[in-house]
Number of protein chains: 4
Amino acid sequence: MSTDRIRVGVLGASGYTGADLVRLATTHPNLRITLMTADRHAGKPMQAVFPHLGPQTGKVDLPDLVTVAEADWNACDVVVCGLPHGTTQEIIAGLPGHLKIADMSADFRLRDTGTYAEWYGHAHRAPHLQPDAVYGLTEYYRDAIAEARLVACPGCYPTAALLLLLPVVGAGLIDPADIVIDAKSGTSGAGRGLKEGTLFCEVAEGIHPYAVAGHRHAPEIEQEVSLAAGREVLVNFTPHLMPMNRGELLTTYVRLSGGATADDLRACLEARYASEPFVHVAPEGMAPATRHVRGSNHVLLQVYADRLPGRAILVSTLDNLVKGSSGQAIQNVNLMFGLPETAGLEQAPLFP
Amino acid sequence: MSTDRIRVGVLGASGYTGADLVRLATTHPNLRITLMTADRHAGKPMQAVFPHLGPQTGKVDLPDLVTVAEADWNACDVVVCGLPHGTTQEIIAGLPGHLKIADMSADFRLRDTGTYAEWYGHAHRAPHLQPDAVYGLTEYYRDAIAEARLVACPGCYPTAALLLLLPVVGAGLIDPADIVIDAKSGTSGAGRGLKEGTLFCEVAEGIHPYAVAGHRHAPEIEQEVSLAAGREVLVNFTPHLMPMNRGELLTTYVRLSGGATADDLRACLEARYASEPFVHVAPEGMAPATRHVRGSNHVLLQVYADRLPGRAILVSTLDNLVKGSSGQAIQNVNLMFGLPETAGLEQAPLFP
Amino acid sequence: MSTDRIRVGVLGASGYTGADLVRLATTHPNLRITLMTADRHAGKPMQAVFPHLGPQTGKVDLPDLVTVAEADWNACDVVVCGLPHGTTQEIIAGLPGHLKIADMSADFRLRDTGTYAEWYGHAHRAPHLQPDAVYGLTEYYRDAIAEARLVACPGCYPTAALLLLLPVVGAGLIDPADIVIDAKSGTSGAGRGLKEGTLFCEVAEGIHPYAVAGHRHAPEIEQEVSLAAGREVLVNFTPHLMPMNRGELLTTYVRLSGGATADDLRACLEARYASEPFVHVAPEGMAPATRHVRGSNHVLLQVYADRLPGRAILVSTLDNLVKGSSGQAIQNVNLMFGLPETAGLEQAPLFP
Amino acid sequence: MSTDRIRVGVLGASGYTGADLVRLATTHPNLRITLMTADRHAGKPMQAVFPHLGPQTGKVDLPDLVTVAEADWNACDVVVCGLPHGTTQEIIAGLPGHLKIADMSADFRLRDTGTYAEWYGHAHRAPHLQPDAVYGLTEYYRDAIAEARLVACPGCYPTAALLLLLPVVGAGLIDPADIVIDAKSGTSGAGRGLKEGTLFCEVAEGIHPYAVAGHRHAPEIEQEVSLAAGREVLVNFTPHLMPMNRGELLTTYVRLSGGATADDLRACLEARYASEPFVHVAPEGMAPATRHVRGSNHVLLQVYADRLPGRAILVSTLDNLVKGSSGQAIQNVNLMFGLPETAGLEQAPLFP
C-alpha cells in the first residue's frame, strides 16, 4: 500500500456509520485508515465488533480500536467523526490544528447556535468553530468544502430533501411555505445503540411514524430551504420507521407557483444535475425505490404531476449510510484533499 | 355444528382475501361455509391451496373448491365475493334472488357507472344493480347495510382514509380541497396473482411509490369525501409498497379550516367513535403502527398538530385483509342477518 | 363478564410471552386476568407497554401493571409465570398454597436439580418444589397436569422436538443416539430485553447459528428422549436465529433402527396424534412452514425418506409464543381447572 | 475506457445472476460488456429491466438487450451464460470457436451425462462438449480453468458445501458416508421467474424446507466429494427457503474418523485456505452469518465440536449471487484471461 495515501482517523467506529465508512475507505484508492476510536470497544480489532469487516481487516491491516483519549492525532491527516451529537463539539474543539475534519454528527450543521441549543437541549460547546464550519452538501458547497478545515456533513434526511428542493425553490417553481415531506427510513438510521424501539420484533412486519412535527432534521432542512427561498420558511417533515436495513425514500408534496408545471420541475432538476456523478433524475414514470441505490452513493429523483391541480409530487431516494452519511463524508474528504470527487465511491447499487 | 348457521359461499376462495375470509368464518359462531369457488383449483381441498387452513379444514368440514359454473347456490344464504374486479359484475347479475351478497371487489363501489368505466377501462356490466348496491363502510351505512341485498364493501385504502376524514370533513374542520394522503401498504394487498413486482426480492428490504396520481382507490375516496363535504373534491392519494405481509398506514396531511385546531380534530374523532367496537382514537402521542392491529378488525386513528401553522397530520392504520376486506365483509354480513355486529371478529391483534 | 371465570395472574406481563398470554386470555371464554406484574413498568396500563392490546384493554377491563411485591395473590386462582429463569424459583416458593401455577420459565423443567445447576450456573433456589413439578408437555402428561399444582411448561424448542421424537423413539423406530436437530427460530424467542444481537439490523436479511452445542434446551430434550428411550442419550441441537417475528421449524435427521422405514415413522406419528386437536401430521409431500401455524396453537409434523440409506428426515413447526409458550400454558391451565382443553385456543393460523 | 479490455457477452442478462454479473463487470478494471441477451426484453436498455443499474448504465455505456439470435459474437472475447439449464447446451454448442465460455447454469457441471439425464429429465444436448468442460470451483481447479475454453461454474450450494468438505474428506478426517447438509438460502437463488412460491407473502415471515431428498445440487456435491473420498458417496442435502434476498448458510453435520477432533478439522481448513483471498476460517467461537459476506465474493467457514461424541458441526456461508454465481464466474474469467484473480472482486461485504 502506497505510503502517500491520505491518513484517516475514524472517531466512533463502532456505529453503523463508522462501519460503513470503514467499508468504503478500505477499498478507496487514496485513503488509509490509521486510527479508529470506540471507547466501549477499545483494545479490540474491528473484526470483533463488525465481523463482516473481517476479510477486509485481514487484507488492509486496520489498526485496533482505541479510546479517544488514547488517539495519536499525529497519525492522521483527517478525522471523520461518527460520534453521537453533543460529544463531537468538545472533541473537535480539542483537535490539533493540522487535522481536517469531516463531521457526520449534527453538531455543526446548524449555522445558528441558538437554533442548535433549542433543538438539542444544551448550549453549543464549540461556538467559536461554528462560523468556519462548511455545510457539506457536496453538490451545493463544493468550493467552500475544498477550502474548509471543518465540514459538517448533512443529515441523511436533509440530503435527500435538499437535493430535491433546492433547485425548484431557488428557481421559484414551488411555494416554499407549502412543503410536506413524508419520509420512510430503514432502521440503520437509528444507530446500533440499544433501544426497545429498534429491536427486530418492534420493527419487522410493520411501519409507524415517529418524532412527528419534532424531528431534529426539520430545522436543518428549513435552514437551507430558507436560504434558497430568500426568506424564512418552515416545512412539514414526517418520518416513518420501516422494516429494512438501509435506505430512505422521501415523498414530497409541493404547491407549484408562478404557473409552473410538473414538467418544469423535471426540466429544472435535469438541468441542475446533468453533470453530477451521483444525482440522477429517473426516467419519466419509473418509480424510484430504495433498492435502486442500496449500498451506493447514488441519489435518484423523480417528479410526478399531482391529481390535485396546481400541485406536484417529488420523490427522492438514497442510502442513508452512504450518500446520507459515510459516502458523502468521503466525497467531501476527496474534495478537501484535491482527489477526484468520485474516488472510492464507484460501487454499483446492490440489488436484490 | 348447528344447522341453523348462516350458510356462506365464498367466491374466489384462492386469493388472500378469500383465505382470510375462511380463517374468520371458520371460527365464527354463526356462520358455516357451504361453498367455495376457485376456478383454477377446482376439485382440490382448500388445504391444498392454503396449507395454513389445514387444521381448520379438518375441524369444520369445509367443502372442496369448485368452479363458479358448478356452484350450488341453493346451498347458500349469502355469498361473499373475492373475485377480481370486472368479473364480479356478470356473476352477481346471474345469482338467484334469494342470495344476499357482500362483494369485496371494486365492482359496485362507485355510485356513478360512468366513473367506473373511466377508471376500470370498460363499461359497467351490471348497471341495473348499481342503484341498489349499498356502500359497505359499516360505521357510516349501518341501517342501509342491514336492509341491503348487495353490499359493496369498500377498498382497504378507502376504509382507512374515510374513517379518518369523514367526521372532520363533515364537521367543516378541514379544507376538503387540500387533502394529501400518503399511504403505505403491505404486499398482500396486491393479491396472490403472479406479478414480477410482488416477488419477494422485488419488495423485501425496500420501498417505492406506485400508481402515483392514478390509483383506482382515489375516485372511491373522493366520492365519499365529496358527499361529506357537500361539494365535489379531489384528493391526493399516493400509495407505497412495503416489505410486510399485512397492514396499511395512511399519513394524511390536511389544512385546518374555520379556526379549528388539531385538538378539535381529536375531539371530533373521539366523539364520533366513542361507542364503535372497532375504531379507536389512540392515546395522545402514541404512534400508531400497523402491528398494533395485525390480524384484527380494529382501526387505530391518531391526530398530530403540524409544525406548519394551520395544518394537521392525521394517521390511520388497519389490517388490509381484515377491516380492509374480509373482516368488514363479515361485519356487514352480521348486520345483513341480524347477528351481533362483532360476532366472529373478536380476535386480538397479533404482535409481535 | 361472568364472575365465575378462573382468575389469572400473569407474572412478567411485559415480555413477549406475557403479551401473548394476555392476547389469548382476553378472548378465552373461561378466564379473567385479575393481576399483571411487570416490575419496571408498574403503575402503567398494559396498553402503554403493548399498544396492540389497547383495543382489548378497553373491552375487558385489564388491571394495571404492579410489582411482584404489590401483588394481591388473593385475587387469583392461578398464576402464569413468564419471568426470566432463576427469578421464578424464589417467587414461586413464596406463593400462597391456594394458587396453582403454570410456569413458562425454565426453572422447574429439569427433573434433576444438579443438571439445572450445571446449565444455569447457580444452585436451584426451590429444590423442595421440584419433585412436585409436572413437565407440561400436554400431549404426554395430561393426567398428571390435571392433578398438579405446579406445571413446568416446556421450552419452545423442546416442545417442537419432543412431539416429533417421543413416539418414534418410544416405538424403537430410530436410534436415539444419532439424532441431529437443526432448528430455526424467529426473534421473539429471544425476548424483549435489550441485546445488540436482536436489534433489527443484526437480524434482518440474514441467518446465523447461535449457542452451538451449548443451548439450554438441549438437556431438556435429552431428559425426555432418555425417558422414552429407556436409557440416557445426548442429542445434537443447533439453533439458528432468523429474520421473522414468530415461528420455529426443526429439521431433524435420524437413523432408522430395526428395519424401520420413513413410512413406518409416518404411520407411528399419525396413529399417535390421530385424535389430538393441536398436533397434525401434514399430508405426504407438503412442506411444513412456520407460516402455516403462525398465531395458533397448532403443530405441524412431516416425515421424509432420506437420500442416505437407513436414514429419515423429520420436520416439526410451531409458533414459539403459542404452542411453544403461552398457548401451551393455557392448554395446561384448562386441564388444571377441568375446562375443555381447547378452550380459548381455537384461533386459526394467520397467513399471510 | 481502454479499448483493450476483455469484451464480455452476458447471455440471460435479465435474471438476478445476470444483473449481478453486470454490477460486478461494470466496476471491473479489465472487462467491458459488449453484448447482453434477454429474449423477452430484447430492444430495451438494461435500466428498463433493472433500474438499479441505471447510474451504471449512464456511466459505462452498456449495450441494449438483444435476442440470442441477434447476438454479434464477434463483439465478444468471452460469454458468461446465465440461462436456465437445458437451453444453455444447444446455444453453447453453436458458439464460434474463438469464444471462451463461463457457464453459470447447471448444464455442464455433471461429468457423467447419464447422471445429468437422470436429474434433469432429458438427454444432454451437447455431450461432445462435456469432456472438455472444467468444473469451475476456482480454489480447486485453477490450473485447468486457466487453460479451459468452457468452464462450468458450480452451483451456489455446491460451492458452499465443497469448500467446507473437500479438505476434510480429502484428509480422511471425516466419514464421507455420514454427511448431513442443512442449507438455508435467500430467495434470489430461486430466480426472477414468476412462481407463486417466491411471491413476497409466500416467503416473508417464515421458513420451510423444499426439494427434500431431491434437490439437483445433491449429485453435484456428491460428484466432487466422491472424487475427494476416492469412492462413491451420497450426502443428505436439505435446503430451506428463507425471507432474505441474498445469502446462503450451510450447517453440516459430520462424523469424525480416525480419531480426528474438531480442532483437527479447523487446522486442516486453516492450512488449506491460508493464502486464499476469498475463503476465510472465522475466529474460533464467532458465529458466521450470511450478512458477513453479503454482496462480496468472500466465503466464511467455521468449525464446532458437537455435543455428540465423535461428531462435529461445520458451517459455511456465502452470497449465492456472488461467490455462489456471478462472482465466481468473474473469478474464473480472470483466470482464463491471465488477469489477477481478484480483479473486480474487491467489494467489501455490505452490512447492515
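Given the C-alpha centroids of region B:141-207 and region D:203-217, what is the distance between them in whole angstrom? Result: 35 Å between the Cα centres. A label point on D:Pro84, set 7 Å along the Cα-to-Cβ line, lies at 2.1, 5.4, 5.4 nm from each of its counterparts in the other copies, closest listed first. Note: region D:295-352, Cα convex hull, 108 Å³ per residue. Ranked from shortest, the separations from the 7 Å Cα-to-Cβ label point of C:Ala177 to its equivalents in the other copies are 1.7, 8.6, 8.7 nm.
State which stretch of chain A is the longest one without any exposed trypsin sites (Lys or Arg not before Pro), exposure meaning a DSSP loop state and at most 12 other Cβ atoms within 10 Å. Result, exposed sites excluded: A:1-194. A loss of 50 Å² or more of accessible area (1.4 Å probe, protein heavy atoms, ligands and nucleic acids excluded) relative to the isolated chain is seen in these residues of region B:292-310: B:His292, B:Arg294, B:Arg307, B:Leu308.
If you add up the charges near D:Gln223, with Lys and Arg at +1 and Asp and Glu at -1, over every other residue whose beta carbon is less than 13 angstrom from its beta carbon, what do you get? Every neighbour counted, the sum reads -2. If you take all other residues with their beta carbon under 14 Å from the beta carbon of A:Ala260, and give Lys and Arg +1 and Asp and Glu -1, the sum is -2. With coordinates expressed along the principal axes, the C-alpha atoms belonging to region D:157-320 extend over 48, 31, 29 Å, beginning with the largest. Within the protein assembly as shown, the percentage of alpha carbon pairs spaced more than 57 angstrom apart rounds to 19%. What share of the DSSP beta bridges in region A:236-352 is antiparallel, in percent to the nearest 5? The antiparallel fraction comes to roughly 85 percent.
Based on Cα contacts under 8 Å between residues 6+ apart, region C:6-132 shows a relative contact order of 24 percent. Here the simple spin-label model places points 7 Å from the Cα toward Cβ, and for C:Asp64 and A:Ala93 these points are separated by 4.4 nm. Simple rule: put +1 on each Lys or Arg Cβ and -1 on each Asp or Glu Cβ in chain B, find the dipole, and look at B:Tyr157, B:Gly172, B:Thr67; the Cα lying farthest toward the positive end is B:Thr67. Using Cα centres only, tell me the gap between region B:259-283 and region D:263-329 in whole Å. Distance between centres, Cα-based: 57 Å. Shown for region D:6-132: the carbon plus sulfur share of the solvent-accessible area, taken with all protein chains present and a 1.4 angstrom probe, equals 50%.
Listed by chain and number, the aspartates and glutamates whose C-alpha is less than 17 Å from the C-alpha of A:Lys195, apart from same-chain residues fewer than 8 away, are C:Glu196, C:Glu202. Interface burial in region D:331-352, defined as at least 30 Å² less accessible area with all protein chains than with the chain alone at a 1.4 Å probe, covers D:Glu346, D:Ala348, D:Pro349, D:Leu350, D:Phe351, D:Pro352.
Summing Cβ point charges (Lys, Arg +1; Asp, Glu -1) relative to the Cα centre of the protein assembly as shown gives a dipole of roughly 0 debye.
Of the Cα atoms belonging to chain D, the radius of gyration and Dmax stand at 19.7, 62 Å. Rolling a 1.4 Å probe over the protein heavy atoms leaves D:Thr342 with an accessible area of roughly 40 Å².
Sorted from shortest to longest, the distances between the D:Trp73 label points of this copy and the other copies are 6.3, 6.6, 8.6 nm, with each point 7 Å from Cα along the line through the beta carbon.
Counted over chain A, the DSSP beta bridges are approximately 45% antiparallel. At an R0 of 35 angstrom, the distance between the Cβ atoms of A:Ala42 and C:Ala48 translates into a FRET efficiency of 0.35.
The B-A contact accounts for roughly 4100 square angstrom of buried accessible surface, both chains included, probe 1.4 angstrom.
Bridgeable lysines around A:Lys100 (alpha carbons under 23 Å apart, same-chain partners fewer than 8 residues away excluded): A:Lys323. Buried on complex formation within region C:42-77 (loss of at least 50 square angstrom of accessible surface versus the isolated chain, 1.4 Å probe, ligands and nucleic acids ignored): C:Pro51, C:His52, C:Pro55. Relative to the dominant Cα principal axis of chain B, helix B:138-147 is inclined by about 40°. Using all pairs of distinct alpha-carbon atoms, the Kirkwood hydrodynamic radius of region D:236-301 works out to 13.8 angstrom.
Cβ under 15 Å from B:Gly310's Cβ, B:Gly310 left aside: what net charge do those residues give with Lys, Arg +1 and Asp, Glu -1? Residues close to B:Gly310 contribute a combined charge of -3.
Per atom type, region D:157-320 shows carbon and sulfur on 53% of its accessible surface, probed at 1.4 Å. Taking every residue in D:19-28 and counting other chain Cβ atoms within 10 Å of its Cβ, the average works out to 2. On a per residue basis, chain A carries 30 Å² of accessible surface, using protein heavy atoms and a 1.4 Å probe. For the protein assembly as shown, what is the percent of antiparallel DSSP beta bridges, rounded to the nearest 5? For the protein assembly as shown, the DSSP antiparallel bridge percentage is about 45. For chain D, relative contact order (Cα pairs under 8 Å, six or more residues apart, normalised by length) works out to 17 percent. The mean sequence separation of alpha-carbon pairs under 8 Å and at least six residues apart, normalised by the residue count of region A:1-55, gives a relative contact order of 38 percent. Scattering from region D:6-132 was approximated by placing one identical point on each alpha carbon and applying the Debye formula without solvent; log10 I(q)/I(0) at 0.09 1/Å stands at -0.26. If you take the Cα centroid of region D:116-135 and the Cα centroid of region B:106-129, the two points sit 57 Å apart.
The values are calculated or read from the model by the stated rules, or taken from the named source; none is laboratory data. Everything numeric in this text was worked out from a predicted model, so none of it was measured. A quick note on method: Cβ atoms are made from the backbone with ideal geometry, for glycine too, and the neighbour counts reach across all protein chains shown. The protein model used for the area step is the full one, side chains on, heavy atoms only, and it has no ligands, DNA or RNA in it. Shrake-Rupley method; radii C 1.70, N 1.55, O 1.52, S 1.80 Å.
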